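Please treat every number below as a calculation from the coordinates, not as lab data. Source: prediction; values computed, not measured. Note: ideal-geometry Cβ built from the backbone for every residue, glycine included; neighbour counts use all protein chains shown.
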Amino acid sequence: MATNVKTGIGFLIPFGALIGFVLSIIAENFVLGIFFAVAGILIWLLYLAVMETAAPDTMGNFIILFGVLLALAVFMNFGWEQNIWGGIEFKAEGSIMALLVLFFGTLTGLLYRQRIGVSDHALTDREQELVDKALQGDDDPRVIVVKQEAEKEEDDEEEEDYDEYEEYDYAYPYYFDEDDDYEYEDDED
């Protein structure tokens with residue numbers, strides 16, 4: 001199965017969990033909402049591991065989203081309760097637990113997004129497929145181009161000397177001198 005198809009089918013898992021979460025919150029079954037928030041992201045990660053597909057670039061955003069959903073469900077279940085007169089009483093323990101879940105869910109998502117940002121120098125999916133085919137011998141490639149970072153020169157003294165005269169590089173234009181040994185083709189006629 002193609003990588004894009006596997007990834008596309010994989011997106012059905014978090015969207016299904018999101019729909020299940022919303023329906024459980026509407027039904028006021030907050031424990032089931034916690035289950036959908038946790039199971040949605042875990043089953044999706046398991047699917048990505050089993051199908052051997054790379055996690056999409058939006059994976060960090062999904063982790064943050066499911067962390068927010070989980071914190072909301074924890075708060076709705078443990079952070080408040082209704083008293084006998086119909087009012088709402090907030091519980092400090094449940095609220096703090098919801099804030100901790102929100103903190104760690106957001107932190108995990110941000111760290112995952114940072115990891116994705118660092119690996120921007122990797123090959124794209126298409127380039128990786130071409131390299132894999134070439135290594136397996138399926139294709140007969142003539143040239144494989146591998147991306148590399150250019151090495152940075154460590155000659156700081158040479159760069160400093162160049163920086164001193166940078167503004168004068170083109171200050172004096174070159175003028176044609178008639179005494180130069182340059183012959184025109186038109187003059188030969």
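Mean separation of Cα pairs under 8 Å and 6+ residues apart, divided by the residue count of the range 3-124: what relative contact order is that in percent? All intermediate terms of the calculation are to be shown ahead of the outcome.
Values: 135 pairs, mean separation 29.6, N = 122.
The normalised contact order for the range 3-124 reaches 24 percent.
Amide H contacts for W80 (H built 1.01 Å from N in the peptide plane; partners 5 or more residues away or on another chain; cut-off under 5 Å): K91.
Sparsely packed loop sites in the range 41-111 (the chymotrypsin sites (Phe, Trp or Tyr not before Pro) outside DSSP H, G, I, E and B with at most 13 other Cβ atoms within 10 Å) comprise W85. Full extension of the chain segment joining K133 with Q114 gains 3.8 nm, where the gain is 0.36 nm per residue of separation less the Cα-Cα distance. Two numbers describe the Cα atoms of the range 3-124: Rg and Dmax, which are 16.8, 62 Å. Under the simplified labelling scheme, the E93-M51 pair shows an inter-label distance of 4.1 nm, with each label point 7 Å from Cα along Cα→Cβ.
Return S95, S24 ranked ascending by Cβ neighbour count within 10 Å, so the fewest neighbours appear first. Intermediate values should be presented prior to the final figure.
Details: S95 15, S24 19.
So the ranking, lowest neighbour count to highest, is S95, S24.
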